[in-house]
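The values are calculated or read from the model by the stated rules, or taken from the named source; none is laboratory data. None of the values given here were measured: they were computed from a predicted structure. We place every Cβ from the backbone using ideal geometry, glycine too, and count neighbours over all the protein chains shown. Heads up: the accessible areas ignore ligands, DNA and RNA and are worked out on the full protein's heavy atoms, side chains in. Shrake-Rupley method; radii C 1.70, N 1.55, O 1.52, S 1.80 Å.
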Amino acid sequence: MKSTQTTATCGDRGGFTLLEILIALTILALLLSSVGLLASGSKNAFSRGTTVSAMELRTGLTSDVIQRELSLALTGSLSPEIQSGQRVTELTYVRAVGWEGETTITTAPRTLRFELDPAEANNGADDDGDGLIDEGILVLIEDVGLPTERRRILARGLAEYAEGEVFNGVDDNGDGLADESGFAIERMGAALEVTVTLEQRPPGREETIQRTLRSSILLRN
């Protein structure tokens, strides 16, 4: 009986050719690239979401501070004397803090106003490198004109213009006003309507996020 033997020929091989290795490396690189893009997208989405949440919190807190400040303002003390429908970015007033019989006890004059951030110049550029252009601050000045006068910054990162607006003489956001400020106080009958727009740029993104909050404050006589 004859035995059969199988002899390996030159065509048989136990490894991979150079072409197969290159194809495998290319596929691996594509997979790693896809994973990297997915991770980057998730990181950017998380960064944006975190910034939006922080912005909403900051806007709400700023609005609350303004409401507490102006809720005790006396109507007859407002300077300038805002007419119905008029908007201003600076308001001086006195607050009622108590009564003695029929006499109202008031504070010294106080001023609430929008100012350009000290680190910024009004030049359309990001001078302080925070990703924002010509942003402002909300300032409260107490005891105006007295030796005890003092300043407090109530909020930073105020937009120079209201959300949806750019400086072009046009009503971009469709509210009937052109180029309105990111902070404005408007007289609406016996109340003041305050609009504040804050802005921030998420880390590593070119997008600037803005949040606006409007609140009505009933004036005191």
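Below is a table of values for the structure above.
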quantity	calculated
Whichever residue in the stretch 44-75 is of a type in the set (Gly, Ala, Ser) and open to solvent by 50 Å² or more (accessible area, probe 1.4 Å) and, among such residues, is farthest from GLU115 (Cα to Cα)	ALA45
Pick from the stretch 149-168, criterion at pLDDT below 90 and open to solvent by 60 Å² or more (accessible area, probe 1.4 Å), ranking: farthest from ARG201 (Cα to Cα)	ASN168
Flag for THR106 being modelled with pLDDT under 95, hydroxyl-bearing (Ser, Thr, Tyr) and surrounded by 16 or more Cβ atoms within 10 Å (Cβ to Cβ)	yes
Filtered residue count, the stretch 187-221, keeping only those that are closer than 22 Å to LEU112 by Cα, under 21 Å from the mean Cα position of the chain (by Cα) and open to solvent by less than 30 Å² (accessible area, probe 1.4 Å)	7
Qualifying residue in the stretch 116-125 (condition: touching a helix residue (DSSP H, G or I) at 6+ places or on another chain (Cβ under 9 Å) and assigned to a strand (DSSP E or B))	no
Among residues of the stretch 76-100, those that are at pLDDT 85 or above, exposed (fewer than 14 other Cβ atoms within 10 Å of the Cβ) and not in a strand (DSSP E or B), counted	3
Filtered residues of the stretch 139-159 (kept if touching a residue at least 40 places away in the same chain (Cβ under 8 Å) and closer than 18 Å to ILE209 by Cβ)	ALA155, GLY157, LEU158, ALA159
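So that you can scan it fast, the table gives a plain yes or no per residue for (1) modelled with pLDDT of 60 or more; (2) over 30 Å from SER216 (Cβ atoms):
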residue: THR6; (1), (2): no, yes
residue: LEU19; (1), (2): yes, yes
residue: THR51; (1), (2): yes, no
residue: VAL65; (1), (2): yes, no
residue: SER71; (1), (2): yes, no
